[in-house]
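Everything on this sheet refers to the single structure shown next.
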Amino acid sequence: MFKRYYLLQNNIFSGDSRPLNLIVLDEVTSTNDYLKSQLSKFKPLPEFTAIMARKQTNGRGQRDNTWLSAPNVNITFSLLLYPVFLKLRDHFILNMCVSLGIIDWFHSLQIDAKIKWPNDLMINDKKVTGILIENKSNSKGIKESIIGIGINANQEEFPGEIAEKASSIFRETNYTVPSLENSCREIINYITKRYIALEKQEISHENLLAEYNENLFLRNQTSKYRAGDEIFEAKILRVDEDGKLYLETNDGVTTFYFKEVEFLLQ
């Protein structure tokens with residue numbers, strides 16, 4: 001259960017009249033689950049409603065993993081979008097839009113982050129950001145998306161084996177994020193600028209994909225992967241518009257969908 005919340009001052013995005021309503025909770029199990037519960041009570045919630053939690057006790061990541069986050073030092077939030085302009089087959093377009101929006105924020109801080117396909121962002125080979133997108137669709141396309149984002153910002157210590165794979169902005173760059181709430185607003189602003197440009201067709205799917213691949217973690221580098229019971233070395237060539245990963249091995253090029261292959265980082 002959350003303890004309390006308040007509504008921050010609305011932010012009007014540059015060049016667009018749609019406001020951001022950011023609700024900040026002291027504590028919640030999962031911002032995605034909380035936002036879904038509010039959608040079931042209030043119809044409709046306005047697009048660009050966001051739920052941020054200072055402490056998240058049961059955050060969720062991909063592959064049914066739990067997102068572990070220390071309280072009051074990280075940025076954890078969920079953003080509500082109604083991407084009705086996207087067809088169901090375009091679900092990965094939204095993923096690219098969100099990932100690149102977060103990359104824009106990192107670049108504004110002069111931090112070199114990369115996108116680890118399909119849902120993570122990395123600094124210095126360590127995971128600092130996870131993305132969980134939950135869509136509702138109908139026969140026409142995507143009608144509702146809840147974008148869950150967790151960014152390890154100022155956390156200094158990580159427990160056990162997690163420390164081998166995960167880190168924070170502070171640990172990797174020695175930069176302290178000064179205001180988690182203001183940073184959350186900035187991140188949403190960067191995501192929304194890209195989202196609105198996509199909606200208004202000011203950026204094509206092809207250009208978005210090209211930029212995504214330019215920021216792809218381990219692209220054109222050889223690394224180890226696991227597919228089923230097989231462990232092999234391969235080089236990432238690219239990701240396509242459907243979200244398929246293209247890996248080049250000694251036997252040729254193979255494509256993988258999400259959950260079909262796993263990175264084995266050293």
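Where a number appears in this text, it was derived from the coordinates with a stated rule and is not lab data. What you see is a predicted model; the values in this text were computed from it and never measured. Positions of Cβ are generated from backbone atoms using ideal geometry, with glycine treated the same way; all protein chains shown enter the neighbour counts.
The order of the peptides 250-259, 98-107 by mean Cβ neighbours within 10 Å, most packed first, is 98-107, 250-259.
I want the local charge near Asp125. Using Cβ-Cβ distances under 14 Å, sum +1 for each Lys or Arg and -1 for each Asp or Glu among the other residues. Neighbour charge sum, excluding Asp125 itself: +4. Here the sum of -39500 (n - 2.57) over DSSP H runs of 4 or more residues, divided by the residues of the chain, equals -8000 deg cm²/dmol at 222 nm, to the nearest 500. Between Pro44, Pro19, Pro118, the Gaussian network model of the chain with springs among Cα atoms under 10 angstrom shows the greatest mean-square fluctuation at Pro44. Anything over 31 Å Cα to Cα? Flag those among Lys136/Lys224; Lys55/Lys116; Lys87/Lys193; Lys55/Lys244; Lys200/Lys235; Lys126/Lys193, in the order listed. Check vs 31 Å cut-off fails for Lys136/Lys224; Lys55/Lys244; Lys200/Lys235. Once the other residues with Cβ under 15 Å from the Cβ of Ser167 are scored (Lys, Arg +1; Asp, Glu -1), what is the net sum? Residues close to Ser167 contribute a combined charge of -2.
Cα centroid separation, region 111-145 to region 225-250: 18 Å. The Cβ shell under 14 Å around Glu144 holds other residues with a net charge of +3, Lys and Arg each +1, Asp and Glu each -1.
Less than 17 Å apart at the alpha-carbon level, and either on another chain or at least 8 residues along: which aspartates and glutamates does that give for Lys140? Counting by Cα, and skipping residues close in sequence, Lys140 has these aspartates and glutamates nearby: Asp90, Glu199.
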